[in-house]
Ligand SMILES: Nc1ncnc2c1ncn2[C@@H]1O[C@H](COP(=O)(O)OP(=O)(O)OP(=O)(O)O)[C@@H](O)[C@H]1O
């Protein structure tokens, strides 16, 4: 599935947060949104997954008008892992992942054998099968994050939105989560903070500053030391990692 966002404007409490953003995600591509704290990444993603109503603009998922479609019809196709996932009520890990099946079911339809198999496969994928009966609220931040990815996987989405999916995760699980997402081979739009991970995993990057896109394209073309200085106000050097052959970044904290 592809996503097309055109001329999106979002205003919150009288302040324009997202300013005329247009972007595109092709089917099967992993597209990253990077930019400093408070630049509007989450607000942009929340408008795409229908939590915030944009003031102007359009959002189409495979030709379907997201703004005019019911949440259920969109969430049959779109999985979301949001940034803040605290819950007031406690559920087991299994019950939370089972919630991923909801958009595919009728009201009052009970969970069937296939749902159980899908949920178990999703838990296995994120290494949490043995956590099925644990209470969600007792999990660590990283474990919660992996449960929520499992819920999105159980949804069997054809498009994924991730808001800082590697938050709370140690390096093993940062790499694991991004590799799992990549292996799903569905269109993905993800806000990311770690520029090296973004360079490694993303096919295309959009760079946001103060609610506007200031650069976009393949990571090795977009991520330059001039851009990092301009957007993040820090000096760095870009080089080719001699082990992986990928783009690597050395930050110069002395420049602050
Ligand atoms: N309901 C609101 N009313 C007013 N301003 C808001 C509201 N929600 C968010 N903002 C502001 O909008 C701006 C963008 O916030 P957003 O969470 O989209 O940024 P972000 O790029 O995701 O940041 P971070 O990297 O820190 O998660 C921030 O300055 C934030 O304070």
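The values are calculated or read from the model by the stated rules, or taken from the named source; none is laboratory data. Keep in mind that this is a model prediction, so the values were computed, not measured. Note: ideal-geometry Cβ built from the backbone for every residue, glycine included; neighbour counts use all protein chains shown.
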Discussion item. I need the full set of residues from segment 31-47 which are within 11 Å of the chain's Cα centre (by Cα) and over 12 Å from residue 206 (Cβ atoms), in order please.
Written reply: 42, 46
Worksheet, complete the sentence: Scanning segment 72-97 residue by residue, those over 17 Å from residue 139 (Cα atoms) and either free of Cβ contacts under 8 Å to residues at least 12 places away in the same chain or over 18 Å from the mean Cα position of the chain (by Cα) (or both) turn out to be 72, 73
Item to complete: Please go through segment 16-45 and pick out each residue that is free of Cβ contacts under 8 Å to residues at least 24 places away in the same chain and part of a loop (DSSP other than H, G, I, E, B).
Response: 37, 38
Worksheet, complete the sentence: Given (1) over 22 Å from residue 105 (Cα atoms); (2) more than 16 Å from the ligand (Cβ to nearest atom), residue 53 misses just (2)
Discussion item. Can you go through 197, 205 and tell me which one is modelled with pLDDT of 95 or more and within 16 Å of the ligand (Cβ to nearest atom)?
Written reply: 205
Practice prompt. Filter segment 116-137 down to the residues that are free of Cβ contacts under 8 Å to residues at least 40 places away in the same chain and over 24 Å from the mean Cα position of the chain (by Cα), then identify the one that is surrounded by the most Cβ atoms within 10 Å (Cβ to Cβ).
Written response: 116
Worksheet entry | Output for segment 210-248, where each listed residue is surrounded by 17 or more Cβ atoms within 10 Å (Cβ to Cβ), in contact (Cβ under 8 Å) with a residue 24 or more places away in the chain, outside any loop (DSSP other than H, G, I, E, B) and in contact with a helix residue (DSSP H, G or I) (Cβ under 9 Å, 6 or more places away or on another chain) | 216, 219, 228, 232, 247, 248
Practice prompt. Would you be able to say whether some residue in segment 157-173 is part of a helix (DSSP H, G or I), buried (at least 20 other Cβ atoms within 10 Å of the Cβ), touching a strand residue (DSSP E or B) at 6+ places or on another chain (Cβ under 9 Å) and touching a residue at least 12 places away in the same chain (Cβ under 8 Å)?
Written response: no
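If you take the residues in segment 18-38 that are crowded, with 22+ Cβ neighbours inside 10 Å and in contact with a helix residue (DSSP H, G or I) (Cβ under 8 Å, 6 or more places away or on another chain), which one is farthest from residue 3 (Cα to Cα)?
If we take residues in segment 18-38 being crowded, with 22+ Cβ neighbours inside 10 Å and in contact with a helix residue (DSSP H, G or I) (Cβ under 8 Å, 6 or more places away or on another chain), then 35 is farthest from residue 3 (Cα to Cα).
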